[in-house]
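Note sheet for the following structure.
The values are calculated or read from the model by the stated rules, or taken from the named source; none is laboratory data. What you are looking at is a predicted structure, and each value in this text was computed from that prediction instead of being measured. A quick note on method: Cβ atoms are made from the backbone with ideal geometry, for glycine too, and the neighbour counts reach across all protein chains shown. Please note that ligands, DNA and RNA were not included when accessible areas were found on the heavy atoms of the full protein model with its side chains. Shrake-Rupley method; radii C 1.70, N 1.55, O 1.52, S 1.80 Å.
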Amino acid sequence: MTNNHTIEIEGHRHVSFHLDRLEPAEMAAKSDAFYQWLDTRRSVREFTNEPVAKSVIENIIKSASTAPSGAHKQPWTFCAISDPVLKKQIRIAAEAEEKESYESRMSDRWKDDLKPMATNMYKPFLEEAPWLIIVCKRAFELDTDGKKHNNYYVNESVGIACGMLITAIHNAGLVTLTHTPSPMNFLTNILKRPKNERAYLLLPVGYPKQPVYVPDLDRKGLDEMAVFYEGE
Ligand code: IYR
(Lines give C-alpha, C1' and ligand atoms only; values in the text may rest on other atoms or scores of the structure.)
Protein backbone atom coordinates (compact mmCIF):
# COMPACT_ATOMS: atom_id res chain seq x y z
CA MET A 1 0.00 0.00 0.00
CA THR A 2 1.53 3.32 -1.09
CA ASN A 3 -0.86 5.75 0.54
CA ASN A 4 -1.12 4.93 4.22
CA HIS A 5 -3.32 7.45 5.95
CA THR A 6 -4.66 5.93 9.10
CA ILE A 7 -7.68 6.66 11.27
CA GLU A 8 -8.88 5.09 14.47
CA ILE A 9 -12.34 3.50 14.88
CA GLU A 10 -13.21 2.35 18.39
CA GLY A 11 -9.55 1.93 19.21
CA HIS A 12 -8.70 0.03 16.03
CA ARG A 13 -6.50 1.37 13.27
CA HIS A 14 -7.92 1.61 9.76
CA VAL A 15 -5.72 2.36 6.77
CA SER A 16 -6.76 4.23 3.65
CA PHE A 17 -7.29 1.95 0.68
CA HIS A 18 -6.76 3.00 -2.90
CA LEU A 19 -7.70 1.15 -6.05
CA ASP A 20 -6.90 2.51 -9.51
CA ARG A 21 -10.06 3.11 -11.52
CA LEU A 22 -10.26 1.45 -14.92
CA GLU A 23 -11.74 3.17 -17.94
CA PRO A 24 -15.01 1.46 -18.97
CA ALA A 25 -13.44 0.05 -22.15
CA GLU A 26 -10.48 -1.34 -20.24
CA MET A 27 -12.83 -2.77 -17.60
CA ALA A 28 -14.91 -4.50 -20.28
CA ALA A 29 -11.83 -5.91 -22.03
CA LYS A 30 -10.15 -7.02 -18.82
CA SER A 31 -13.21 -8.73 -17.36
CA ASP A 32 -13.82 -10.54 -20.66
CA ALA A 33 -10.18 -11.62 -21.00
CA PHE A 34 -10.22 -12.94 -17.42
CA TYR A 35 -13.35 -14.95 -18.11
CA GLN A 36 -11.93 -16.34 -21.38
CA TRP A 37 -8.78 -17.37 -19.56
CA LEU A 38 -10.59 -18.88 -16.55
CA ASP A 39 -12.85 -20.80 -18.90
CA THR A 40 -9.77 -22.71 -20.13
CA ARG A 41 -9.39 -24.28 -16.67
CA ARG A 42 -10.28 -27.96 -16.46
CA SER A 43 -10.08 -30.53 -13.69
CA VAL A 44 -7.38 -32.97 -14.76
CA ARG A 45 -6.98 -36.41 -13.20
CA GLU A 46 -3.68 -37.53 -14.76
CA PHE A 47 -0.40 -35.91 -13.80
CA THR A 48 3.26 -36.26 -14.69
CA ASN A 49 5.71 -36.68 -11.84
CA GLU A 50 7.74 -33.64 -12.96
CA PRO A 51 8.65 -31.56 -9.92
CA VAL A 52 7.15 -28.13 -9.26
CA ALA A 53 9.22 -25.61 -7.28
CA LYS A 54 8.22 -25.22 -3.64
CA SER A 55 8.33 -21.43 -4.12
CA VAL A 56 5.51 -21.72 -6.69
CA ILE A 57 3.39 -23.75 -4.26
CA GLU A 58 4.13 -21.12 -1.59
CA ASN A 59 2.92 -18.35 -3.93
CA ILE A 60 -0.24 -20.32 -4.75
CA ILE A 61 -0.98 -20.83 -1.05
CA LYS A 62 -0.29 -17.17 -0.25
CA SER A 63 -2.72 -16.21 -3.03
CA ALA A 64 -5.44 -18.46 -1.56
CA SER A 65 -4.85 -17.00 1.87
CA THR A 66 -5.82 -13.52 0.58
CA ALA A 67 -9.43 -14.79 0.64
CA PRO A 68 -11.92 -12.94 2.83
CA SER A 69 -12.92 -14.85 5.97
CA GLY A 70 -15.36 -14.53 8.87
CA ALA A 71 -14.03 -11.82 11.22
CA HIS A 72 -10.69 -12.22 9.39
CA LYS A 73 -9.96 -15.35 11.41
CA GLN A 74 -8.41 -17.01 8.31
CA PRO A 75 -9.63 -20.41 9.53
CA TRP A 76 -7.49 -22.52 7.24
CA THR A 77 -4.24 -24.51 7.18
CA PHE A 78 -2.76 -25.57 3.85
CA CYS A 79 -0.72 -28.77 4.13
CA ALA A 80 1.57 -29.13 1.10
CA ILE A 81 3.04 -32.59 0.64
CA SER A 82 5.79 -33.65 -1.72
CA ASP A 83 7.13 -36.47 0.49
CA PRO A 84 6.61 -39.70 -1.54
CA VAL A 85 6.24 -41.79 1.64
CA LEU A 86 3.35 -39.64 2.88
CA LYS A 87 1.79 -39.50 -0.59
CA LYS A 88 1.78 -43.32 -0.77
CA GLN A 89 0.22 -43.56 2.69
CA ILE A 90 -2.47 -41.07 1.65
CA ARG A 91 -3.17 -42.96 -1.57
CA ILE A 92 -3.57 -46.28 0.23
CA ALA A 93 -5.93 -44.78 2.83
CA ALA A 94 -7.92 -42.75 0.27
CA GLU A 95 -8.37 -45.76 -2.02
CA ALA A 96 -9.62 -47.83 0.90
CA GLU A 97 -12.30 -45.18 1.64
CA GLU A 98 -13.10 -44.78 -2.05
CA LYS A 99 -13.51 -48.55 -2.49
CA GLU A 100 -16.07 -48.51 0.31
CA SER A 101 -17.78 -45.47 -1.22
CA TYR A 102 -17.95 -46.78 -4.78
CA GLU A 103 -18.99 -50.27 -3.64
CA SER A 104 -21.55 -49.39 -1.00
CA ARG A 105 -21.88 -45.78 0.14
CA MET A 106 -22.72 -44.06 -3.17
CA SER A 107 -26.18 -44.48 -4.70
CA ASP A 108 -26.64 -45.87 -8.23
CA ARG A 109 -27.90 -42.45 -9.31
CA TRP A 110 -24.72 -40.83 -7.98
CA LYS A 111 -22.51 -43.34 -9.80
CA ASP A 112 -24.54 -42.81 -12.98
CA ASP A 113 -24.07 -39.04 -12.66
CA LEU A 114 -20.31 -39.61 -12.36
CA LYS A 115 -20.04 -41.81 -15.45
CA PRO A 116 -19.25 -38.86 -17.78
CA MET A 117 -16.30 -37.93 -15.48
CA ALA A 118 -14.83 -41.44 -15.70
CA THR A 119 -13.87 -41.43 -12.01
CA ASN A 120 -13.31 -44.61 -10.05
CA MET A 121 -11.87 -45.85 -6.77
CA TYR A 122 -8.27 -45.77 -8.00
CA LYS A 123 -6.37 -42.57 -7.29
CA PRO A 124 -2.88 -42.83 -8.85
CA PHE A 125 -2.70 -39.03 -9.00
CA LEU A 126 -2.19 -39.06 -5.22
CA GLU A 127 1.29 -40.47 -5.85
CA GLU A 128 2.02 -39.10 -9.32
CA ALA A 129 1.38 -35.40 -8.75
CA PRO A 130 4.48 -33.68 -7.35
CA TRP A 131 2.42 -31.89 -4.68
CA LEU A 132 -0.75 -32.61 -2.75
CA ILE A 133 -2.35 -29.65 -1.02
CA ILE A 134 -4.69 -30.67 1.77
CA VAL A 135 -6.77 -27.75 2.88
CA CYS A 136 -7.84 -28.04 6.51
CA LYS A 137 -10.54 -25.95 8.11
CA ARG A 138 -9.96 -24.71 11.62
CA ALA A 139 -13.25 -25.04 13.47
CA PHE A 140 -11.86 -23.26 16.52
CA GLU A 141 -8.69 -21.78 17.99
CA LEU A 142 -7.29 -22.56 21.42
CA ASP A 143 -6.00 -19.68 23.51
CA THR A 144 -2.99 -19.99 25.78
CA ASP A 145 -5.25 -21.25 28.62
CA GLY A 146 -6.58 -24.01 26.35
CA LYS A 147 -9.99 -22.28 26.01
CA LYS A 148 -11.85 -22.90 22.72
CA HIS A 149 -12.85 -19.96 20.51
CA ASN A 150 -15.05 -20.99 17.59
CA ASN A 151 -14.29 -19.45 14.20
CA TYR A 152 -17.08 -17.94 12.08
CA TYR A 153 -18.46 -19.01 8.69
CA VAL A 154 -15.70 -21.59 8.47
CA ASN A 155 -17.10 -23.53 5.48
CA GLU A 156 -17.80 -20.35 3.54
CA SER A 157 -14.34 -18.91 4.30
CA VAL A 158 -12.43 -22.07 3.42
CA GLY A 159 -14.58 -22.64 0.32
CA ILE A 160 -13.72 -19.16 -0.96
CA ALA A 161 -10.01 -19.75 -0.24
CA CYS A 162 -10.17 -23.03 -2.19
CA GLY A 163 -11.69 -21.23 -5.19
CA MET A 164 -8.84 -18.76 -5.10
CA LEU A 165 -6.33 -21.61 -4.67
CA ILE A 166 -7.68 -23.31 -7.81
CA THR A 167 -7.48 -20.01 -9.72
CA ALA A 168 -3.89 -19.49 -8.55
CA ILE A 169 -2.96 -23.03 -9.67
CA HIS A 170 -4.41 -22.31 -13.13
CA ASN A 171 -2.55 -18.99 -13.22
CA ALA A 172 0.75 -20.81 -12.54
CA GLY A 173 0.21 -22.98 -15.62
CA LEU A 174 -0.52 -26.06 -13.52
CA VAL A 175 -3.56 -28.28 -13.10
CA THR A 176 -5.50 -29.73 -10.20
CA LEU A 177 -8.72 -31.48 -9.32
CA THR A 178 -10.85 -31.35 -6.20
CA HIS A 179 -10.55 -34.75 -4.59
CA THR A 180 -13.08 -35.42 -1.85
CA PRO A 181 -12.49 -38.80 -0.26
CA SER A 182 -15.18 -39.29 2.32
CA PRO A 183 -14.82 -39.54 5.25
CA MET A 184 -11.58 -37.57 5.29
CA ASN A 185 -10.43 -37.99 8.90
CA PHE A 186 -7.65 -40.36 7.74
CA LEU A 187 -5.92 -37.28 6.33
CA THR A 188 -5.78 -35.39 9.63
CA ASN A 189 -4.51 -38.60 11.27
CA ILE A 190 -1.77 -39.22 8.70
CA LEU A 191 -0.73 -35.55 8.82
CA LYS A 192 -0.96 -35.47 12.65
CA ARG A 193 -3.03 -32.28 12.56
CA PRO A 194 -4.21 -30.79 15.86
CA LYS A 195 -7.80 -31.49 16.94
CA ASN A 196 -9.15 -28.07 15.87
CA GLU A 197 -8.45 -28.97 12.21
CA ARG A 198 -10.59 -31.02 9.81
CA ALA A 199 -9.58 -31.92 6.25
CA TYR A 200 -11.77 -29.96 3.82
CA LEU A 201 -10.43 -30.64 0.33
CA LEU A 202 -7.47 -32.42 -1.25
CA LEU A 203 -5.92 -30.91 -4.38
CA PRO A 204 -3.11 -32.64 -6.29
CA VAL A 205 -1.02 -30.06 -8.17
CA GLY A 206 1.26 -30.60 -11.13
CA TYR A 207 1.56 -30.84 -14.89
CA PRO A 208 -1.01 -32.73 -16.95
CA LYS A 209 0.09 -35.96 -18.60
CA GLN A 210 0.43 -35.55 -22.37
CA PRO A 211 -1.77 -36.33 -24.14
CA VAL A 212 -4.54 -36.02 -21.58
CA TYR A 213 -8.28 -36.21 -22.13
CA VAL A 214 -11.00 -34.50 -20.10
CA PRO A 215 -14.76 -35.00 -20.33
CA ASP A 216 -16.42 -33.04 -23.12
CA LEU A 217 -18.52 -30.82 -20.84
CA ASP A 218 -20.41 -27.58 -21.43
CA ARG A 219 -20.75 -24.88 -18.84
CA LYS A 220 -24.12 -23.30 -18.09
CA GLY A 221 -24.78 -20.13 -20.04
CA LEU A 222 -25.63 -16.87 -18.28
CA ASP A 223 -29.35 -17.36 -18.95
CA GLU A 224 -29.23 -20.68 -17.05
CA MET A 225 -27.30 -19.52 -14.01
CA ALA A 226 -27.76 -15.78 -13.54
CA VAL A 227 -30.82 -13.65 -12.91
CA PHE A 228 -30.61 -9.87 -13.21
CA TYR A 229 -32.93 -7.51 -11.31
CA GLU A 230 -32.32 -4.19 -12.99
CA GLY A 231 -35.38 -2.07 -12.21
CA GLU A 232 -36.60 0.41 -14.81
N1 IYR B 1 -15.26 -38.67 -3.80
C2 IYR B 1 -15.11 -39.52 -4.96
C3 IYR B 1 -16.30 -39.52 -5.85
C4 IYR B 1 -16.59 -38.29 -6.61
C5 IYR B 1 -17.73 -37.57 -6.33
C6 IYR B 1 -18.06 -36.45 -7.06
I7 IYR B 1 -19.81 -35.48 -6.68
C8 IYR B 1 -17.24 -36.06 -8.13
O9 IYR B 1 -17.58 -34.94 -8.88
C10 IYR B 1 -16.11 -36.79 -8.44
C11 IYR B 1 -15.78 -37.90 -7.63
C12 IYR B 1 -13.83 -39.20 -5.72
O13 IYR B 1 -13.13 -38.23 -5.35
O14 IYR B 1 -13.53 -39.92 -6.67
Computed accessible area, TYR35, all protein chains, 1.4 angstrom probe, square angstrom: 120 Å²
Interchain or long-range residues, amide H under 5 Å from THR176's placed H: VAL44
Within the accessible area of the chain (1.4 Å probe), percent carbon and sulfur: 53 percent
Taking only Cα atoms of the stretch 43-215, radius of gyration then Dmax in Å: 16.5, 55
Extension gain (nm, one decimal) between ILE92 and ASN4, 0.36 nm per residue minus Cα-Cα: 26.5 nm
The chain: DSSP helices with Cα axial extent of at least 20 Å and average Kyte-Doolittle hydropathy no lower than 0.5: 154-171
Residues of the stretch 41-62 with amide N under 14 Å of a point placed 7 Å along Cα→Cβ from TYR213: 45-46
Whole-number accessible area per residue in Å² for the chain, which is evaluated in the context of all protein chains at 1.4 Å: 67 Å²
Heavy atoms of ILE190: accessible area, 1.4 Å probe, square angstrom to 10: 30 Å²
Alpha-carbon centroid distance for the pair the stretch 1-40 / the stretch 43-84, whole angstrom: 24 Å
Above-threshold pairs, the threshold being 31 Å between Cα atoms, out of LYS30/LYS137; LYS88/LYS209; LYS123/LYS192; LYS30/LYS115; LYS62/LYS192: LYS30/LYS137; LYS30/LYS115
Estimated FRET transfer efficiency (MET164, ARG109; beta-carbon r; R0 41 Å; 0.05): 0.80
Unit charges on C-beta of K, R, D, E only; dipole of the chain, Debye: 1000 debye
Neighbour-limited loop hits for trypsin sites (Lys or Arg not before Pro), the stretch 137-183 (at most 14 other Cβ within 10 Å; DSSP other than H, G, I, E, B): LYS147
Extension gain from ASP143 to HIS18, taking 0.36 nm per residue of separation minus the Cα-Cα distance: 41.5 nm
